[in-house]
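Remarks on the structure that follows.
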Amino acid sequence: MSESRGQVLADRLTAAERERQWPNVRPKDAATLIILDRTGPEPKVLMGRRHPGHRFMPGKFVFPGGRIEDGDRRMPAAGALHARAEAALLARVTRPSPQRARALALAAIRETFEETGLLLGTKSYGPPEQVPPGPWSAFRERGVFPDLEALQLIARAITPPRRPKRFDTRFFATDRDFVVDQVEGIVGPDSELVELAWVSLPEARKLELPAITHTILDELQHRLDLGFAHELPIPFYYERQRRFRRELL
């Protein structure tokens, strides 16, 4: 366990993130997707600015993501999660199952589409024959199978207690090459994300970010420096007895 990195996260919390005025709730399973563009001289990531009217992290720049929905458990996909990612997704959870791990990965892909219009996967197999109702229908219409092999798990973090919303979030990353289609008009002044930006990691750190996003950028940079391999350790951030902890999964 790295207490020092946990303390760095604690030191980054803003006054709003330190507030504990809400009833405590169980964190909901959620997933986030970091899309990397490594074609230029330095890697860039896709970030979106949340609507300023949101109760949770208003106006902050974030990676697209959100909670699991029922359809994520039934959506067909190409390929399978890397064994290292699946093992980490099964660790430190109640009632672990490969189906839950798979649903988390698909939630990251679906939420990315819902918030940005980007469809991640492959068109090599034609459209999926049957998809759950709702956002996944766009993948059938565009002939895209979500591709689990494209995802690398890089971190996990649980929102501290007594916050307005709590999530047990898994952070996945993938290369921009796996974005195979886009639906226009998703991002705008009345949407969940009001703008998107491709930024280098140093540029991203200058944006208005939640504390955990700063920390995930640090972890991403470290992972890139070490070759961005599936087998690298996967950090897990959570709070216990008012102290942030960092363990490796």
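Pairing each residue of segment 1-30 that is modelled with pLDDT of 70 or more and surrounded by 15 or more Cβ atoms within 10 Å (Cβ to Cβ) with any residue that is of a type in the set (V, I, T) and not in a helix (DSSP H, G or I), provided the two are 6+ apart or on different chains, yields C-beta distances under 9 Å for P27/I158; P27/T159; P27/T169; D29/I68; D29/V93; D29/T169; A30/I68; A30/T169. Selection over segment 47-80 of residues that are of a type outside the set (K, R) and farther than 25 Å from R176 by Cα gives a count of 7. Among the numbered conditions (1) under 23 Å from F63 (Cα atoms); (2) more than 21 Å from the chain's Cα centre (by Cα), the only one that K123 does not meet is (1).
If you go through segment 36-70 and keep only what is touching a helix residue (DSSP H, G or I) at 6+ places or on another chain (Cβ under 8 Å) and of a type in the set (F, W, Y), you end up with F61, F63.
Restricting attention to strands (runs of 3 or more DSSP E) lying wholly within segment 144-249, give those where 2 or more residues are buried (at least 21 other Cβ atoms within 10 Å of the Cβ). Working first, answer last.
Values: elements: 152-158, 167-175, 179-182, 193-200, 235-240, 243-248.
The strands (runs of 3 or more DSSP E) meeting that bar are 152-158, 167-175, 235-240, 243-248.
Look at segment 238-249: where a residue is over 15 Å from D168 (Cα atoms), no partner that is at pLDDT below 95 and part of a strand (DSSP E or B) sits 6+ places away or on another chain with Cβ atoms under 7 Å.
In summary, A138 fulfils each of the numbered conditions (1) more than 13 Å from R67 (Cα to Cα); (2) assigned to a helix (DSSP H, G or I); (3) touching a Pro at 6+ places or on another chain (Cβ under 9 Å); (4) not aromatic (F, W, Y) with the single exception of condition (3).
Residues that are touching a residue at least 60 places away in the same chain (Cβ under 8 Å) and touching a helix residue (DSSP H, G or I) at 6+ places or on another chain (Cβ under 7 Å) were ranked within segment 107-130; the one that is surrounded by the fewest Cβ atoms within 10 Å (Cβ to Cβ) is L118.
The values are calculated or read from the model by the stated rules, or taken from the named source; none is laboratory data. Note that the structure is predicted; figures quoted are calculated from it, not measured. Neighbour counts run over all protein chains shown; Cβ positions are idealised from the backbone, glycine included.
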